């Protein structure tokens with residue numbers, strides 16, 4: 001009985017030759033890749049680059065948008081702070097407006113008391129002492145008002161300004177320009193630059209220019 005495997009070659013040399021004759025795998029050359037495959041690879045690479053650029057662009061846009069929102073928020077905060085400071089300042093400056101108007105009547109009465117004394121009586125010792133006391137009181141009152149930004153409007157000799165003066169009558173005077181304030185009937189005041197009470201004045205008229213000045217006949 002023969003133990004030889006019928007499927008195996010009987011000659012050992014033949015077996016060795018067969019083993020040596022097995023073809024080896026050759027490396028894939030770039031030339032062997034067809035054009036379709038190259039196009040597919042190129043498209044995949046381009047798509048990857050496009051996705052990366054799109055994500056980067058989105059991030060840049062989001063950063064720019066957030067920066068703009070931050071700047072707007074900072075500007076709005078600054079505006080709110082400025083408005084709050086302005087309102088606080090106005091409240092401080094104008095809180096005493098009504099009280100200041102009432103005190104102007106006191107100042108007016110003190111001035112009337114001084115002006116009502118005839119010049120010939122001012123040399124009488126008792127009256128002179130009285131006037132000195134009244135004038136000192138008036139001066140102290142005006143000084144206190146100044147501390148609270150309540151200031152007297154210097155009107156006499158100035159040009160008429162409807163923002164601070166109220167014309168009561170006209171005075172014929174060709175020696176000065178029309179609209180010049182010649183007489184102050186009642187002193188005017190401002191508080192922190194804002195009109196508290198206008199000066200009641202008499203103004204000069206002359207020529208045709210005087211017709212352009214508005215006169216409040218109802219005051």
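Things to note:
- Each of 98, 128 has some number of other Cβ atoms within 10 Å of its Cβ, and from fewest to most they run 98, 128.
- Label point distance in nm, residue 71-residue 114, each placed 7 Å from Cα along Cα→Cβ: 5.9
- Cα centroids of the stretch 95-134 and the stretch 62-91: 51 Å apart.
- As a proxy for reagent exposure, 94, 189 were ordered by neighbouring Cβ count within 10 angstrom, fewest first; the result is 94, 189.
- Inter-label distance, nm, simple model (7 Å from Cα along the C-beta direction), residue 147/residue 80: 3.7
- Cβ-derived FRET efficiency at R0 25 Å, residue 195 paired with residue 140, nearest 0.05: 0.55
- Spacing of the two label points (7 Å from each Cα toward its C-beta) at residue 163 and residue 63, in nm: 5.0
Each reported figure results from applying straightforward, stated rules to the coordinates on display, with no laboratory input. Only a predicted model underlies this, so the values are computations on that prediction, with no experimental measurement involved. Cβ sites come from the backbone with ideal geometry, for glycine too, and all protein chains shown count toward neighbours.
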